[in-house]
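For reference, the structure is listed below as structure tokens.
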Amino acid sequence: MAKSSIFILLALAVCFFSFFVSTHGNDLKNRFVVHGTVYCDTCNVQFVTKISEPMAGAKVKLQCVDFANDKNITLSKEATTDEKGSYSIEVDGDHAEEDCQVTLISSSRDDCTKLDGDKHLNQAAKVSITNDNGLIHSPDRLANALGFMKDQPLAECAEVLKDLSLNPDGTEIEDNS
Ligand SMILES: *[C@@H]1O[C@H](CO)[C@@H](O)[C@H](O)[C@H]1NC(C)=O
């Protein structure tokens, strides 16, 4: 009699333990962290150059909308960049059926606030917040860097861009040789 109760207790303990492990494992699987940076685009070209400046205190927003209905906002979370211009946003749950992207909300520098009309549309960093593709097993999701522009590009930009074979406006230099 005593032996069988011990056996039952043990069996229960094993059950409970494996239940705990499996649910806990699921939690971990469906937790993500979106990372990214915000910079001052000192050359107004909308990509990072060697004279771009990380921006601390900038505000960004991560938002997900349903694939089938973009009015159905399923996630909306704001974050502020740290002294390195980086932010991290924790996300719970798999967002496989949704389009998720990070956009700029506000600059922390009076001299670097511009969001150019057309280019602004491309200034959203798309992120995939799901494990469904089975390829990425890490919880980390990296969003492209986002930049605010200055009213006027810095004087050094012409030189910096020339080194990259680009015109001052960021377009490629035509090779007419
Ligand atoms: C909104 O989108 C989520 C995720 O795709 C979906 O589960 C939910 O049913 C949608 N809600 C409405 C009201 O359409």
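Quick one: in the stretch 64-87, of everything that is assigned to a strand (DSSP E or B) and loosely packed, with under 13 Cβ neighbours inside 10 Å, which residue is farthest from the ligand (Cβ to nearest atom)? Steps first, please.
Narrowing the stretch 64-87 to residues assigned to a strand (DSSP E or B): 64-66, 69-80, 86-87.
Filter again for loosely packed, with under 13 Cβ neighbours inside 10 Å, leaving 69-73, 76.
Details: ASN69: 5, ASP70: 10, LYS71: 9, ASN72: 4, ILE73: 8, SER76: 13 Å.
In this case the residue turns out to be SER76.
What are the residue pairs meeting all of these: first residue in the stretch 54-71, first residue farther than 17 Å from ALA96 by Cα, second residue within 15 Å of the ligand (Cβ to nearest atom), Cβ atoms under 7 Å, and 6 or more apart or on different chains?
Taking only residues 6 or more apart or on different chains, the pairs are LYS61/SER76.
Got a sec? Which of LYS71, LYS29 is more than 30 Å from THR171 (Cα to Cα) and either at pLDDT 95 or above or of a type in the set (S, T, N, Q) (or both)?
Details: LYS29 fails: either at pLDDT 95 or above or of a type in the set (S, T, N, Q) (or both).
Going through LYS71, LYS29 in turn, just one is more than 30 Å from THR171 (Cα to Cα) and either at pLDDT 95 or above or of a type in the set (S, T, N, Q) (or both): LYS71.
Output the residues belonging to the stretch 39-63 that are aliphatic (A, V, I, L, M), open to solvent by 20 Å² or more (accessible area, probe 1.4 Å) and either in contact with an Asp or Glu (Cβ under 7 Å, 6 or more places away or on another chain) or within 16 Å of the ligand (Cβ to nearest atom) (or both). So that I can check it myself, show each step before the final result.
Step one: of the stretch 39-63, the residues aliphatic (A, V, I, L, M) are 45, 48, 51, 55-56, 58, 60, 62.
Filter again for open to solvent by 20 Å² or more (accessible area, probe 1.4 Å), leaving 48, 51, 56.
Selection gives ILE51, ALA56.
Return the residues of the stretch 88-114 that are open to solvent by 70 Å² or more (accessible area, probe 1.4 Å) and within 16 Å of the ligand (Cβ to nearest atom); say none if nothing qualifies.
Within the stretch 88-114, ASP92, GLU97, ASP99 meet the criteria.
What pairs can you find where one residue is in the stretch 77-105 and within 12 Å of ARG141 (Cα to Cα), the other is within 16 Å of the ligand (Cβ to nearest atom) and open to solvent by 20 Å² or more (accessible area, probe 1.4 Å), and their Cβ atoms are less than 6 Å apart, with a gap of 6+ or different chains?
Short answer, once both residue conditions are applied: ILE89/LYS77.
Anything in the stretch 63-103 that is within 30 Å of LEU154 (Cα to Cα) and under 11 Å from the mean Cα position of the chain (by Cα)? List them, or say none.
Answer for the stretch 63-103, where residues must be within 30 Å of LEU154 (Cα to Cα) and under 11 Å from the mean Cα position of the chain (by Cα): ALA79, SER86, TYR87, SER88, GLN101, VAL102, THR103.
The values are calculated or read from the model by the stated rules, or taken from the named source; none is laboratory data. Note that the coordinates shown come from a computational prediction; the quantities given were computed from them, not determined experimentally. Positions of Cβ are backbone-derived with ideal geometry, glycine not excepted, and every protein chain shown enters the neighbour counts. Side chains are part of the model used for accessible areas, which takes the heavy atoms of the whole protein and leaves out ligands, DNA and RNA. Shrake-Rupley method; radii C 1.70, N 1.55, O 1.52, S 1.80 Å.
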